[in-house]
Each structure stands twice: as structure tokens, then as C-alpha cells.
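Please read the structure below before turning to the comments.
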Ligand code: PEP
Ligand code: MG
């Protein structure tokens, strides 16, 4: 027997169902399931996705046997509908629609009213006793068919406004004008008859061939056009964005037409079994009396609310289906409940009422936003529809972002034109006036203005302005550049590497996409997507704590996750914030920003120019009281939880990044000649600072820095202990590549720990460990673990050094790499599991081979990325550490990982 390509449904019996989703597509599977459930579905059949695959593999032809199977299926529909396809007396009309495995809303084509010809038209008129309706159906078919089958499917791309559909629409508008009417519905049967003649003439003239007057030709034209639309521009770009494989193909659903536009007892509508924007458990939707489905979607007429419960705003006074057709509404309501219970998820449904009879045209799992996803998941679990595990698996960790940050109003954003695109470094939305320097950002903000700080890139000296700004926008840099790290830590909206911006700080202008933005101009940023807009857009506020469903979901997630969740925080307030989000300690406290306060930076600079060890030590030790206070504040905020503090990491030249004028001032302040200061600055200049004098290399050449920091940490710990408070300091040495480097630094730290405990007469537990962030550390992890008590993978540097991509310069080529698919995603954002992941796996295994109980975590940016968190779970890490606002995301991602692990 020939292979099966066609599956029928109708008359309460279907060949397929959900189990055949890959073959029948989502729509086909849904129609089959509904039919089997005894729900009224117009009979029809599905041509499988395999035919689509065959079609493309065989030079756009069909497999042998398809023709016969389609004819048999048509006969099946004819029997159930008691009408014949192409019959002049009693014609059957069909719709031809797409339907991929995963829904791709609006991305492919549809043709309705197929089978209507000059011969069958009189039959339809007689059958319906409605001439106006029949001519309206005919003009719709001509319009749709000529557009979808005769133009798009043929690959014809007419200039803007010259497409056949627009040409026909203009003809229709012209006729309406002539008749002095506004709405399509005001055209009479006579008008539509005339319009059909005009349409037929125009199609022949524009397309160079007549509109097909043969039902079979129409049918096969429609089927071919749906298959062709799988490779249409819209569908291809949607698949790229959603990661849908090209070889899945679409199915084609051919179904008996039912009409919502035959009169006042007919209607059509779209509905969701729960509100897709809020998650509220109320049947929610829109309908139109005397209309076809496309009228609801096209927005020509304002749709009406479905029921009393969901009437609001302007729609409050409009008649609902519940009021207009109470019996049918009741029937629909029963069906929607049945569908949701059966599919155990919110359904997006389409229905048509023809002359008082209800027909279901579609059911599929409805798309929803993050807020709605959370509420539905929790409520469905409580209703007994799904388990707790299913509940949190229903919420994508990234969807929590919506609750944690203000977002752009999606309705407004949809209408706006993007000005430029960069890397999405800090999520959420922000609106502000453009400023070009950190000082201006601070000054403007003090006056109560909302600003967006625009820089080529940022440095630690900009942090005051970055803090004051609503958002940060840079033309350079990648996902782990300074701006990105800082913004993410604060939960601030940020776009980096927005290469299209031509920033001129002198004239305070930005040239972008043919526009010129000046200081004070308003811009809006979508930091979640990395998109910049001109002007002001509405923001929707964030309030996770006010969301009871979110709180409950997170409790469930915490019950199953195995990974610990810590935070990257450098200040007591960040630490407290992260703790409120559920952080179980600090996984990385970077200490570099602590040196940029005016008094402190002076001491640093003194140290840098000092010529004797004694002078150097004197200068550094000036910082001790400040640092002790820093750490004490953080320990207090994290009382009872571990706090990992990293010794100083950045290259020294960052502390003497000065203009000529500033060098003069500083030399005078320090009482040294300008030349001496300048010579020292020149000496510190590095060609590759990222690979230069930083990390433990700094502590090895200037041991007094490590000593001062260790003393500050342990003196703060001693004070906590004296106060009877629990404290668990963990000192972490950065950029270690060999055991000897760690040995050197660890000896200092441990000596100081012993000294402080002896001096203060208290005992406290502490650990000394290392970051693993250069490949060599992974290769010799067993040696390093012989000394280190913990590892924390610094995947920002590890990604940088494994790929050989500069973290700060990746913005110049990464967008092209992503566009050309050289890389699947930004490796600074989502861990490269294939490459960098191997090093991590090796590091963990080797480390634990030397020290069985080695504690292992991650503190690079990947610690807050859901896919990377799942990887960390799989390689057996103990915890992940991420910026405060990503703590909830990591908690949920860790729970997902644990459930998936269980299988
Ligand atoms: C890292 O390299 O991953 C890391 C956390 O350190 P930093 O980003 O400060 O270099
Ligand atoms: Mg690092």
C-alpha cells in the first residue's frame, strides 16, 4: 500500500490526534482531537508535513499517490456535508490552511472559499438564498487567491503598493466611494456583483492569466501555495527567531467552509480559555456578528467582548456574545472548559457560528506573557490540573524578567520604529533624555530629570553617572563589558555594542539611521531585546513582591533545585536586595570599584608612584579602614551566609586614566614633578590590558595589596564574631593559572588570618580558594585543588581566553558572527558548552579528583543565564552566582535542571 499522506476528520471520528502532531502539525492534531472529543468541527483532512518535506526535496512536486488520497478525502467530506465539491447545484466550499508542528501565527498563507466558480456560484446563491453573501464570498476568494496563489506563491514581488491585493482593495474603495458608503457591509448584492466582474478583469490584466474557474485547479493551487509559504520571507525569519528547524515543514488542512457572515444569526470569534495577558481564570475573547474570521483579525471592524465578565474600558457598553446569543455562548463555554481540561493548558480557540450552529475551527496552546504564565501555572496546579513540577516547567526562567523590571508597553512598542539594535546587556525598559557624560547624568538627575547616559564605552570612573541614569547605552563593548556588568548588577536597563551609533561627544550629537539626536532628546530603550527607539514610550511598572503567584511558584522551585544560588554583589544594598530575591550568599564580591572614591583613589595613586616598598605599604594601608567598613557592611547584610570576596583584579593603569590637566593637578597634590608622574603612567600603559598586569599578578607584584585586603576582610569578620554574629568569609584569588601563583597569595591570606585571630582573640571559619578563569587553570585543576578550598569559574575571562575574543572589543564583530550563524549565540551571554564547557567539566573533575569535597561554583555572567545554569547543574557544581536581579531566574532555571535531570 502506498504511504499515507492524508488523515481525515469529521463526524465525531478522526484518523489522527495529538500523538501525530509532528505529522499533522498543531492545527491538524487539534482538529482531530476536537473531533474525537465530539466537539462540532467542520469535516476535513490534513495533508502531512512529510508531503511538505517531499515537495522541497523533489523540486516542488508531490509524492505519487497523493492525488488519489486527496480525492478520497474530498469524497469523505462530501459525504458528511451532503454537498459536492464543484457541483453546480449543491457546491461544497473548502478552506486551505497551513499548520506547522509549532504554531507560527500569521506567518504562512490561507485561502478560503475554494471551489467557488462561475458554475457553482448560482448553486451557492440558491442554497443559501442569499445573493449578497455569495458574491461577497466570491470577491473574497478572488482577492485572497490572486494574492496568495497567483502572486506570492509564484515568487512575484511587486513594488510597494502594487501588489494584486492592494490593487483590488483600491478598486473596492473606489466603488464604495462611488456608492457613497464607508463599510464593506454597506455594499449591496448588485454592487458586489459588479465588483466581482471588475476583480476578474483586473486579475487577468495584472497577472497576465485569468482567475481559475475550475475547483480542482483552485484546490491544488491553494495546497501548493501553503507549501510555498513555508519558505516565504515571514516564515523563514520567524523560524530563525524561534529556533524552528527548516526541515519540519508545514501540514495543509483542507476543511469544509462554514460561514459567520450569512446574516445576523451568524458570527465569528477568537478566544482564550484564560486571559493571556493577566492569567486570570476567565474565558476571554472577541467576536463579531455577521463576519468572517479575517474581519476580526484585520481590524476593519471593532470586535466585541465575548462575555460580561471581561467587558472593560471602551468595550463595556458593547453587546457580548453571552448577551446576544446566550444559548450558543453556553455551548461555547462548555466546549472551552472541556478543551482546557483535556489539554491541561490554556487554549487559544477560533469559532464560527453559521445560522445558529456553532463550529470550532481551531484549538491550540495559547501564547501568554510572563505574568500570565506564572499565574496560570500556579492556579492550574491548585485546581489539580497539573503537578507542581509541571507548573514551574510551564514558566520559562527568562519570563521572570518581566516581573522584575519595568517593561515597555508592548502595544506601543509594536507600533514604534526601531532606531538601532545593540546587545541586550541589562533587561527591562527605560525612557530618558540623552546625556553624554557621567557628570551631566548625575547633575541632570539631581534636578529630577530622567536621563540615558550615552558613551562609546564606560569605565569605573563613570559609575556615578551610570547609577544616576535610567539606562546606559554604549556604541562599543560586549555582554561582559564594564557597562554591561555594572548595569546588570543594578538591574538597570542597558544596551551595549550598538555599533550604528555615531557619537560625537564634542558637539553632543549622535548620528544614527539618518537621524540626529542631541543632548536632551528623549529616547526609549528595550534592554531585554537591545532595541533603541526615538521619543518617549509608556513603561509598565515592576512589582514582584506584590505578586502572590510568583512567590508561591518560587517556593515550589526551591523545593526541588539542587544548585545553591548566590549573588554577585559589591555593596551592602545590593547584597540585601539579592537576599530579598532569595540569594543564599555572595559568590563574587568584586573589590575594584571600592578604590574609586576620591580619597581612596589618591591613596592608590600614591601607592602606584611610590618608589620604595615602605612608601608603597604606607599608601596601601591608608585604605585598610575603608575596606574594613566595606566588608563589615556586606557581612552584616549577608549575616549567616557565605561571602566570597575577590582580591583586587583590574590593571593598575585604570587608576591613573587621566587627562594632561589632571596629571598636572595630581602631581601638584602629590608634591612630585609632573614628569615623574607622567613617566610612571606611561610605564603602566599596556597593549593588551585584559591579558596584562591584573588579577593575582597584581597581588604577586604588590603583595601589600593582598595583605591589606585580607586584613580588612578578617578584621571585619573578627568584629562580626565578637558581636556574636555568624560570618563565613571566603577569600578568592583571581586569574590563577598555576599552583605557585595561588601558593604565593594563599600564604599571605592565611598568615593574616592567623594574625588577626590571635590579635583579636576570636576564631572564625574561613576558606581560601580561587577563580578558575583561564584555560591553564582547568588543565592543572588537580594541582590547584591540592591547595584551593573552592573553585569559582570566572566564565567571562574563561570565554575570553578560550575563544581569544576580547571581552571589550567583541561588539565590533559579534553581531556579524551571529547574523552569519558562525556562532549560535553570544558566548559571553550563553555558555559555549561545546568548547568552554569542556574546560569547565575537566576543571571540575580534575579539581574533585584531588579534593573530594571541593566546593565549585560559577560567578561569570553565565551564572544567571538559564541554559548555562542547567549546564552547571549537569557538571555537578554546588552553586551559581549571578547579579541580584537574576537570582530568581537562576532559582527557577536550577529547578528546571533538577526536574529534567530526573527525567
Ligand atoms: C569572570 O571573569 O568571569 C569574572 C567573574 O570576573 P570579571 O568579570 O570581574 O573579570
Ligand atoms: Mg575575571
Matching entry among 804, 761, 794 (being closer than 30 Å to residue 716 by Cβ, surrounded by fewer than 24 Cβ atoms within 10 Å (Cβ to Cβ) and either within 16 Å of ligand 2 (Cβ to nearest atom) or modelled with pLDDT of 95 or more (or both)): 761
Identity of the residue in the stretch 14-38, surrounded by fewer than 16 Cβ atoms within 10 Å (Cβ to Cβ) and modelled with pLDDT under 95, that ends up nearest to residue 103 (Cα to Cα): 18
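Filter the stretch 1-13 down to the residues that are within 12 Å of residue 48 (Cα to Cα) and surrounded by fewer than 14 Cβ atoms within 10 Å (Cβ to Cβ), then identify the one that is nearest to the chain's Cα centre (by Cα).
Residues of the stretch 1-13 within 12 Å of residue 48 (Cα to Cα): 3-8.
So of that shortlist, the ones also surrounded by fewer than 14 Cβ atoms within 10 Å (Cβ to Cβ) come out as 3-4.
On the way: 3: 40, 4: 39 Å.
Looking at residues that are within 12 Å of residue 48 (Cα to Cα) and surrounded by fewer than 14 Cβ atoms within 10 Å (Cβ to Cβ), I get 4.
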Within the stretch 391-401, restricting to residues that are in a helix (DSSP H, G or I) and touching a residue at least 40 places away in the same chain (Cβ under 8 Å), the one that is nearest to residue 343 (Cα to Cα) is 391
In this structure, does residue 863 turn out to be in contact (Cβ under 8 Å) with a residue 24 or more places away in the chain and on the phi > 0 side of the Ramachandran plot? no
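Just give me the residues in the stretch 658-675 being touching a residue at least 24 places away in the same chain (Cβ under 8 Å) and surrounded by 13 or more Cβ atoms within 10 Å (Cβ to Cβ), in sequence order.
Going through the stretch 658-675, the residues touching a residue at least 24 places away in the same chain (Cβ under 8 Å) turn out to be 666, 669-670, 672.
Within the stretch 658-675, 666, 670, 672 qualify.
Okay, residues lined up against (1) out of contact with any helix residue (DSSP H, G or I) (no Cβ under 9 Å at 6 or more places or on another chain); (2) surrounded by 23 or more Cβ atoms within 10 Å (Cβ to Cβ); (3) under 23 Å from residue 578 (Cα atoms); (4) without any contact (Cβ under 8 Å) to a residue 24 or more places away in the chain:
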{"residue": "431", "(1), (2), (3), (4)": "yes, no, no, no"}
{"residue": "448", "(1), (2), (3), (4)": "yes, no, no, yes"}
{"residue": "459", "(1), (2), (3), (4)": "no, no, no, no"}
{"residue": "477", "(1), (2), (3), (4)": "no, yes, no, no"}
{"residue": "483", "(1), (2), (3), (4)": "no, yes, yes, no"}
{"residue": "531", "(1), (2), (3), (4)": "no, no, no, no"}
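Return the residues of the stretch 482-539 that are within 16 Å of ligand 1 (Cβ to nearest atom) and in contact with a strand residue (DSSP E or B) (Cβ under 7 Å, 6 or more places away or on another chain); say none if nothing qualifies. Explain how you work it out, then say what you get.
So the first thing to find is which residues in the stretch 482-539 are within 16 Å of ligand 1 (Cβ to nearest atom), and the list is 482-490, 494, 496.
Within the stretch 482-539, 483, 484, 487, 488, 489, 494, 496 qualify.
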Can you tell me how many residues within the stretch 49-79 are surrounded by 14 or more Cβ atoms within 10 Å (Cβ to Cβ) and more than 45 Å from the chain's Cα centre (by Cα)? 1
Go through the stretch 769-790 and count every residue that is touching a helix residue (DSSP H, G or I) at 6+ places or on another chain (Cβ under 8 Å), away from ligand 1 (no atom under 14 Å from the Cβ) and either farther than 19 Å from residue 837 by Cβ or assigned to a helix (DSSP H, G or I) (or both). 9
Which numbered condition in (1) away from ligand 2 (no atom under 16 Å from the Cβ); (2) within 22 Å of residue 617 (Cβ to Cβ) is the only one that residue 693 fails? (1)
Selection within the stretch 830-847 - crowded, with 16+ Cβ neighbours inside 10 Å, in a loop (DSSP other than H, G, I, E, B) and away from ligand 2 (no atom under 15 Å from the Cβ): 830, 832, 833
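Using the structure shown, decide if residue 684 is away from ligand 2 (no atom under 16 Å from the Cβ), modelled with pLDDT under 95 and either under 18 Å from residue 620 (Cβ atoms) or buried (at least 19 other Cβ atoms within 10 Å of the Cβ) (or both).
Working: away from ligand 2 (no atom under 16 Å from the Cβ): yes; modelled with pLDDT under 95: yes; either under 18 Å from residue 620 (Cβ atoms) or buried (at least 19 other Cβ atoms within 10 Å of the Cβ) (or both): yes.
Yes: the conditions hold for residue 684.
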Quick check on the stretch 600-616. Is at least one of its residues within 16 Å of ligand 2 (Cβ to nearest atom) and either part of a loop (DSSP other than H, G, I, E, B) or crowded, with 17+ Cβ neighbours inside 10 Å (or both)? no
Could you list, ordered by first residue, the pairs with Cβ atoms under 9 Å in which the first is in the stretch 807-831 and within 24 Å of residue 871 (Cα to Cα) and touching a residue at least 24 places away in the same chain (Cβ under 8 Å) and the second is away from ligand 1 (no atom under 16 Å from the Cβ) and assigned to a loop (DSSP other than H, G, I, E, B), at least 6 apart or interchain? 810/497; 814/497; 814/823; 830/824
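Would you mind stating whether residue 811 is more than 21 Å from the chain's Cα centre (by Cα) and either buried (at least 22 other Cβ atoms within 10 Å of the Cβ) or within 14 Å of ligand 2 (Cβ to nearest atom) (or both)?
On the way: more than 21 Å from the chain's Cα centre (by Cα): no; either buried (at least 22 other Cβ atoms within 10 Å of the Cβ) or within 14 Å of ligand 2 (Cβ to nearest atom) (or both): yes.
It is false that residue 811 is more than 21 Å from the chain's Cα centre (by Cα) and either buried (at least 22 other Cβ atoms within 10 Å of the Cβ) or within 14 Å of ligand 2 (Cβ to nearest atom) (or both).
Of all residues in the stretch 776-786, which are touching a strand residue (DSSP E or B) at 6+ places or on another chain (Cβ under 8 Å) and more than 16 Å from ligand 2 (Cβ to nearest atom)? Spell out the reasoning first.
Filtering the stretch 776-786 for residues touching a strand residue (DSSP E or B) at 6+ places or on another chain (Cβ under 8 Å) gives 777-778, 781, 784-785.
Across the stretch 776-786, the qualifying residues are 781, 785.
Considering each of 726, 730, 750 in turn, give the residue that is free of Cβ contacts under 8 Å to residues at least 60 places away in the same chain and at negative phi. I'd like the intermediate steps shown before the answer.
Values: 726 fails: free of Cβ contacts under 8 Å to residues at least 60 places away in the same chain; 730 fails: free of Cβ contacts under 8 Å to residues at least 60 places away in the same chain.
That would be 750, the only listed residue that is free of Cβ contacts under 8 Å to residues at least 60 places away in the same chain and at negative phi.
Can you tell me which residue is farthest from the chain's Cα centre (by Cα) among those in the stretch 633-649 that are away from ligand 1 (no atom under 16 Å from the Cβ) and crowded, with 20+ Cβ neighbours inside 10 Å? Lay out the reasoning, then the answer.
Kept after step one, since they are away from ligand 1 (no atom under 16 Å from the Cβ), are these residues of the stretch 633-649: 633-642.
Checking the rest, the ones that are also crowded, with 20+ Cβ neighbours inside 10 Å come to 634-635, 637-638, 642.
Working: 634: 33, 635: 35, 637: 32, 638: 31, 642: 32 Å.
Filtering the stretch 633-649 for residues that are away from ligand 1 (no atom under 16 Å from the Cβ) and crowded, with 20+ Cβ neighbours inside 10 Å, the one farthest from the chain's Cα centre (by Cα) comes out as 635.
I need the full set of residues from the stretch 23-33 which are under 21 Å from residue 344 (Cα atoms) and in contact with a helix residue (DSSP H, G or I) (Cβ under 7 Å, 6 or more places away or on another chain), in order please. Before the answer, list the steps.
Taking the stretch 23-33 and keeping what is under 21 Å from residue 344 (Cα atoms), we get 24-33.
Result: 24, 25, 29, 32, 33.
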Which of the residues spanning the stretch 791-829 are within 12 Å of ligand 1 (Cβ to nearest atom) and part of a helix (DSSP H, G or I)? 795, 796, 797, 798, 799, 800, 801, 802
Would you check if there is a residue in the stretch 717-731 being surrounded by 13 or more Cβ atoms within 10 Å (Cβ to Cβ) and closer than 25 Å to residue 482 by Cβ? yes
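The values are calculated or read from the model by the stated rules, or taken from the named source; none is laboratory data. Since the structure is predicted, the reported quantities are computational estimates derived from the model, not experimental observations. Ideal geometry is used to build each Cβ from the backbone, glycine not excepted, and the neighbour counts take in all protein chains shown.
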